[in-house]
Amino acid sequence: MPSKFFDSFLEELEARTAIEDCLMRFARAVDRQDWVLARTLYHDGAFDDHGFFKGDADALLAHVKKLHEHQDHSMHFNTNVMIEFSSKESAFVETYVLVLQRFRPGAPNVPAGSQGLRNFASARYLDRFEKRNGDWRVVHRTLVFGDIEAAPMTAPHKFPPGFVEQTHGMDDPLYKLPRK
């Protein structure tokens with residue numbers, strides 16, 4: 001049974017899928033440093049409160065881009081996505097997020113003498129999504145932190161020989177492997 005805002009279950013399912021796809025594209029974009037793709041999460045004029053930054057989407061992404069220049073690894077896991085529609089074109093969305101990041105030695109937040117820093121964080125996105133011109137995107141985001149732990153590394157990160165290693169950039173195997 002569709003919510004009171006949609007004429008059919010399929011129409012509501014399409015809206016839910018578009019919202020979740022948008023959230024997943026954002027995680028991929030940040031983790032691969034694809035800032036053009038990351039911008040597609042937001043409508044023009046959107047506001048983002050990330051705690052360490054409050055402002056419009058373009059300024060946020062410029063700030064986050066600088067932070068990610070010091071990372072070798074970043075993974076955002078979206079879990080529990082709760083979508084509550086307030087109309088056919090608007091929804092409140094709560095998304096649980098787990099974040100794993102690895103910073104290089106010498107980065108501003110890495111303790112001197114360590115081999116890098118691993119950050120582990122849990123948080124939630126509290127988003128207002130709107131559908132404009134056929135696209136569901138964020139108009140307001142608040143990032144709510146649950147926990148964060150920074151662990152200095154005592155040895156350099158290294159995979160065994162033969163492992164395919166992800167990169168924190170557009171040179172990741174994702175963009176090199178054939179799709180067919």
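Every read-out reported here was derived from the displayed coordinates using simple, explicitly stated rules and does not represent laboratory data. Keep in mind that what you see is a predicted model, and the values were worked out from it rather than measured. Note that we place each Cβ from the backbone using ideal geometry, even for glycine, and neighbour counts take in every protein chain shown.
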Item checked: Hull-based mean projected area of the range 9-155, where the convex hull spans the alpha carbons, in square nanometres -> 8.8 nm²
Margin query: How tilted is helix 57-68 with respect to the longest principal axis of the chain? Cα atoms for both, answer in degrees (0 to 90, nearest 10).
Written below: 20 degrees
Check: Per the helix-only calculation at 222 nm, which mean residue ellipticity applies to the chain, given -39500 (n - 2.57) for every DSSP H run of n ≥ 4 and division by its residues, nearest 500 deg cm²/dmol?
Finding: -7500 deg cm²/dmol
Item checked: Shape call, the range 95-180: gyration tensor on alpha carbons, a/c limit 1.5 -> oblate
Notebook entry, point to check: Using the 10 angstrom Cβ neighbour count as an exposure proxy, how do Ile148, Ile83 rank, fewest first?
Noted result: Ile148, Ile83
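What is the chain's relative contact order, in percent, from Cα pairs under 8 angstrom and six or more apart in sequence? Numbers along the way, then the final one.
Details: 344 pairs, mean separation 36.9, N = 180.
Normalised by residue count, the contact order of the chain is 20 percent.
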Next item on the list: Kindly write out, for the range 165-180 in residue order, the coupling ³J(HN,Hα) from the Karplus curve 6.51 cos²θ - 1.76 cosθ + 1.60 (θ = phi - 60°), rounded to whole Hz, with x marking Gly and Pro.
Entry: 9, 6, 10, 9, x, 6, 8, 4, x, 3, 8, 9, 6, x, 8, 10
Note to self: Only sites in a loop by DSSP and with at most 16 other Cβ atoms within 10 Å count here; which chymotrypsin sites (Phe, Trp or Tyr not before Pro) in the range 48-110 make the cut?
What the structure shows: Phe52, Phe53
Note to self: For the chain, take the longest principal axis of its alpha carbons; what is the angle in degrees between that and the long axis of helix 9-32, to the nearest 10 within 0 to 90?
What the structure shows: 20 degrees
Next item on the list: May I have the count of lysine pairs in the chain with C-alpha atoms under 20 Å apart, counting pairs 8 or more residues apart or located on different chains?
Entry: 5
